Ligand code: SF4
Ligand code: SF4
Ligand code: FES
């Protein structure tokens, strides 16, 4: 079948433009094979990365039909089935663009330096500090080893990084790939730095609290690493170790769950007092709420009473079941 490939091409520091190429391909042809054919048969100047051709090396990450994916994993048939609406007399189209959140070097080749620097920032190596190296090897039980299976599947393709909404607005956020690796370190039975790591990943919006939980990293990851779930697990470990007085971010989460358990939904009056006012301990925090409180009172928007939700019992039992599982 004839397919039109629309490829976003760009040189470093220049504006991107679309170029189109037509190929006669089979439904099962991978996007990477199509790019190879375009390069070999039509335009040798097209630049893209590839290596294993088999979903192993992570080199061929790019945006295919608007979402980040591996070119060697996706094929023409499934792309057209999912994304193409063919109009009468026109060829079906597949669009290809470079990964997002990273500067373009040329065409589909992006500069991954930041990606690697951010991975480095979570200290992605099993620590050997304060531990004597055994004579032969570090033994793990099958159960301990199995905790590394999911995160160990990451091939550093950059698809999650490319789609990350938090990174798009906060360049300090280390990113889903790095935090998935961080979780791999936290659960590794051989590592002796878990507490230090959790403190590090708890910092500001660089670590786990920078994630906006948009789910896109989970949606695009070709290896089912589920970075957002890994971030959630680190958050839980941090919350398990902290009391509500530790910081505003921790209070925010604890007060939210506590209030929803009490009333089925959030009593906004208490929420501000608990989170910003630190359960009436932080006088300065309480004072900062006063202007907002007065404005809300003046405009008749301050809730004077709170009605618990009719489904409070069900909500509470749902939360308790999830907490029991965790
Ligand atoms: S977590 Fe998934 S999407 Fe992100 S770099 Fe690893 S394999 Fe790629
Ligand atoms: S869930 Fe969090 S880490 Fe994943 S893409 Fe969204 S903001 Fe980024
Ligand atoms: S070429 Fe290696 S993952 Fe696609």
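Is there a residue in segment 68-88 that is in contact with a helix residue (DSSP H, G or I) (Cβ under 8 Å, 6 or more places away or on another chain), in a helix (DSSP H, G or I) and not assigned by TED's automatic domain parsing to the domain that holds residue 167? Yes: segment 68-88 contains one or more residues that are in contact with a helix residue (DSSP H, G or I) (Cβ under 8 Å, 6 or more places away or on another chain), in a helix (DSSP H, G or I) and not assigned by TED's automatic domain parsing to the domain that holds residue 167. The combined condition, being within 16 Å of ligand 3 (Cβ to nearest atom) and within 30 Å of residue 51 (Cβ to Cβ), is fulfilled by residue 160.
Please indicate, with yes or no, whether at least one residue in segment 37-48 is in contact with a helix residue (DSSP H, G or I) (Cβ under 9 Å, 6 or more places away or on another chain), within 28 Å of residue 216 (Cα to Cα), in the same structural domain as residue 82 (by TED's automatic domain parsing) and within 16 Å of ligand 2 (Cβ to nearest atom). No; the residues of segment 37-48 include none that is in contact with a helix residue (DSSP H, G or I) (Cβ under 9 Å, 6 or more places away or on another chain), within 28 Å of residue 216 (Cα to Cα), in the same structural domain as residue 82 (by TED's automatic domain parsing) and within 16 Å of ligand 2 (Cβ to nearest atom). The residues of segment 184-236 that are modelled with pLDDT of 95 or more and on the phi > 0 side of the Ramachandran plot, listed by number, are 215, 224, 226. Of 143, 120, all but one fail to be under 18 Å from the mean Cα position of the chain (by Cα), free of Cβ contacts under 8 Å to residues at least 60 places away in the same chain and closer than 26 Å to residue 228 by Cα; the exception is 120.
With the condition kept exactly as written, say whether any residue in segment 84-99 is away from ligand 3 (no atom under 16 Å from the Cβ), under 21 Å from the mean Cα position of the chain (by Cα) and within 21 Å of residue 19 (Cβ to Cβ).
Yes, some residue in segment 84-99 is away from ligand 3 (no atom under 16 Å from the Cβ), under 21 Å from the mean Cα position of the chain (by Cα) and within 21 Å of residue 19 (Cβ to Cβ).
Against the list (1) in a helix (DSSP H, G or I); (2) in contact (Cβ under 8 Å) with a residue 24 or more places away in the chain; (3) assigned by TED's automatic domain parsing to the domain that holds residue 307, the condition residue 256 fails is (2). Within segment 22-37, being farther than 10 Å from residue 94 by Cβ and over 28 Å from the mean Cα position of the chain (by Cα) holds for 22, 24, 26, 27, 28, 29, 33, 36, 37.
The values are calculated or read from the model by the stated rules, or taken from the named source; none is laboratory data. In this text, all values refer to a predicted model and were calculated from it rather than measured experimentally. Positions of Cβ are generated from backbone atoms using ideal geometry, with glycine treated the same way; all protein chains shown enter the neighbour counts.
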